[in-house]
1. Would you kindly compute the Cα radius of gyration of segment 14-250 and its largest Cα-Cα separation (Dmax), both in Å?
2. How big is D for segment 138-255, in µm² s⁻¹ as a whole number, if Stokes-Einstein is applied with the Kirkwood radius of its Cα pairs at 4 °C and 1.567 mPa s?
3. Within the set LYS50/LYS163; LYS50/LYS103; LYS74/LYS106; LYS57/LYS193; LYS13/LYS106; LYS80/LYS106, which residue pairs have Cα atoms separated by over 32 Å?
4. For the Cα atoms of the chain, what angle does the longest principal axis make with the long axis of helix 46-55, in degrees from 0 to 90, nearest 10?
5. Eigenvalues of the Cα gyration tensor times 5, then square-rooted: what semi-axes does that give for segment 111-159, in whole angstrom, largest first?
6. What translational diffusion coefficient, in µm²/s and rounded to a whole number, does the Stokes-Einstein relation yield for segment 90-139 at 37 °C and a viscosity of 0.692 mPa s, taking the hydrodynamic radius as the Kirkwood radius over Cα pairs?
7. What are the extents of the Cα atoms of segment 31-141 along their three principal axes, in Å, largest first?
8. Among the GluC sites (Glu not before Pro) in segment 1-77, which ones are in a DSSP loop with at most 13 other Cβ atoms within 10 Å of the Cβ? Mind listing them?
Amino acid sequence: MLKETGFLDFSSKNIMITGAGSGIGRVTAVSLSSLGANLLLLDINEDGLKETQKLCKNNSLLLVHDLADISGLKQAVESKISEIGKLDGLVNVAGIPCVQPLKTLKAETAEKVFKINTLAALELSKIFCSIKNHRGEHPSITFISSVYGIVGSSANVAYSMSKSALHGVTKSLAIEMAGKKIRVNCIAPGFIKTEMLDGVSSIFDDEYNQRLNALHPMGLGEAQDIANAVVFLASDMSKWITGTILSVDGGFTAI
Ligand SMILES: NC(=O)c1ccc[n+]([C@@H]2O[C@H](COP(=O)([O-])OP(=O)(O)OC[C@H]3O[C@@H](n4cnc5c(N)ncnc54)[C@H](O)[C@@H]3O)[C@@H](O)[C@H]2O)c1
């Protein structure tokens, strides 16, 4: 039977969120904070992090770090864990877009996108899964991928590669970590109205933007729609869910 209270209570939980300096990461931070979580917030954008911190109800620790610097992550994150305590959850939101057709795509660009969107999330998962860095009955990792990790899109090959790879990571890591009771899940958002979409859609014409809207039977999403799904997957409400890719896309992939 569903208990009335407790499942969405994050008051004794420490959650780390990357990409917390804007968009989906910021709204996720504010949502988890309002449910009582203590937060460790990572982003390359210090001003954005400070803005998010102001919006959060609880105290939060900030970590300014470029995720392209993968080798420096362990020391940087563990020094913050020594302040906040072991983590109950890791939410990997940070990511960069890449709209480029194959003929102009350079290997270095694809490598950078893969590093920030995929390999950094994998390294953070490795740090989280270390026995000294996580705790609790139902520790969880949540990745944010994209509908373009599921379906194809022209001029998006590097981004799609990075996001579909997260789906492979989710499934294999879920199996590898099941013995440690660590759950690993991924949310695949459709188009969400955030700074990232503003940056990308400004290079498209009106016709494309109209088509984009038509691709979402329920219209474009809001960052809160993704934050709500993160809250669910990071909570004890989903304690038996692992290895899943949850589409939160207003019907984009149902067409
Ligand atoms: N907005 C959308 O329509 C949409 C759709 C599908 C998936 N997503 C995914 O959701 C996630 C969040 O997107 P958003 O729309 O909130 O974007 P956003 O640009 O608003 O936020 C991304 C955050 O990641 C941070 N970041 C970027 N590069 C970084 C780096 N090298 N090191 C540390 N931090 C870095 C940015 O500073 C920013 O705060 C991304 O992974 C994105 O791919 C977004």
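1. For segment 14-250, the Cα-based Rg and Dmax read 16.9, 52 Å.
2. Result for D is 86 µm²/s.
3. The answer is LYS50/LYS103; LYS13/LYS106; LYS80/LYS106.
4. Compared with the principal axis, the helix lies near 60 degrees.
5. That gives 28, 13, 5 Å for the three semi-axes.
6. Reported coefficient: 256 µm²/s.
7. Per principal axis, max minus min of the Cα coordinates gives 48, 32, 23 Å.
8. When the GluC sites (Glu not before Pro) of segment 1-77 are filtered for loop state and at most 13 Cβ neighbours within 10 Å, GLU4 remain.
None of the figures in this text is laboratory data; all of them are computed from the coordinates on show. Note that the structure is a prediction, hence the values are computed from the model and not measured. Counting neighbours? That spans all protein chains shown, and the Cβs are built from the backbone with ideal geometry, glycine included.
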